[in-house]
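Working notes for the structure below.
The values are calculated or read from the model by the stated rules, or taken from the named source; none is laboratory data. The shown structure was predicted, so the numbers you read here are calculated from the model rather than taken from an experiment. Using ideal geometry, Cβ is built from the backbone for each residue, glycine included, and neighbour counts are taken over all protein chains shown. Please note that ligands, DNA and RNA were not included when accessible areas were found on the heavy atoms of the full protein model with its side chains. Shrake-Rupley method; radii C 1.70, N 1.55, O 1.52, S 1.80 Å.
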Number of protein chains: 2
Amino acid sequence: MLLTIDENDNRPIYLQIISQIREQVGNGTLKPGDELPSVRDVADSLKINMHTVRSAYLKLREQGIISMHLGRRAKIAAIQLQSDTAYAEADIKARLKELMTDAILQGINPEELAILVNQLLEQLKEEFKSDQGEHYER
Amino acid sequence: MLLTIDENDNRPIYLQIISQIREQVGNGTLKPGDELPSVRDVADSLKINMHTVRSAYLKLREQGIISMHLGRRAKIAAIQLQSDTAYAEADIKARLKELMTDAILQGINPEELAILVNQLLEQLKEEFKSDQGEHYER
DNA sequence: TAACTGTTATATTATTTATATAACAGTTTG
DNA sequence: CAAACTGTTATATAAATAATATAACAGTTA
């Protein structure tokens, strides 16, 4: 599994890891049941501390994205707990609005933005369609 | 000018202030030349420290959103410095993609998302059109 | 001149992020 | 079974960020 640290990204390392794993779950690179590399392996390969990786994994578990158990390797969760969708939608909407005003303030006009958004939407729709596959957990 | 602190928002106070002002600039509530309340006034009304407000204002100045000068009250900048648009676009695109995968993971399907996005886009387009008005600074 | 502005300086506190070491407790593998 | 893996817990430390508190300074406005 590919994980990297972007020095230009001002977010903390553990958040970058979370983003990348969520991204890969979202686009199907990681599927339910897939095992994640151990916290020590990730730490070694990225040359960071074990606990930095672990804090990322812990958050992901809280979010229902992965499962972790003592002695076992972490894996992508079988069931994505989709917390209260109404709340989620309000949250997403707020983030989206902020993002768009940012975009416009930075000189991207709404037409460009629309193109950008629709490209991503089409992309995600396809991935979403082909991702209604087998779920398992033992 | 309306500013509030959201206890549920886990972002630092100064970032919340930045967001709200950018938001109001973006949607036309604040226009170029409009004066901002003094750092002390904002601090008093929100019951926070003067320097917390100031750090928000400083960031906004760095971003070219407002102008600040010794002795004078801060005001919305006349010219929005639109920093390197290519870079901005890449940044926005990355944020957008993350947002969308988050949305989908939270149980919002792409169709709902598309509706959400297009509503906001239409809204912003109108605001953008009616915002090509008078700019001034003395 | 007095009452505002932002600015600079110094200090302190709390929280977050990341590292470092070490031991513990389960699971898997040879 | 034993060794080599897993995640877990504990403790400690360092660095950076966020927020507060006071006080004085330096321009601008009324």
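A compact table of results
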item	result
Under the Karplus curve 6.51 cos²θ - 1.76 cosθ + 1.60, θ = phi - 60°, whole-Hz ³J(HN,Hα) for the stretch A:3-14, x wherever Gly or Pro sits	9, 9, 10, 9, 5, 6, 6, 7, 6, x, 4, 5
Heavy-atom accessible area order for B:Tyr57, B:Tyr14, largest first, 1.4 Å probe	B:Tyr14, B:Tyr57
Using a 7 Å Cα-to-Cβ projection, A:Thr29 label spacings across copies, nm, ascending	3.8
Copies compared at A:Asp41 - label distances in nm, ascending, label defined 7 Å from Cα in the Cβ direction	6.0
Nearest-10 value in Å² for the accessible area of A:Ser55, using the 1.4 Å probe	40
Identity and axial distance of the chain B residue whose Cβ lies nearest the axis relating B to A, Å	B:Val117, 3
Label 7 Å beyond Cα on the Cβ vector: B:Asp6 copy-to-copy distances, nm	2.3
Listed residues A:Glu35, B:Glu23, B:Glu7, A:Glu62 arranged by accessible area, highest first, probe 1.4 Å	B:Glu7, A:Glu62, A:Glu35, B:Glu23
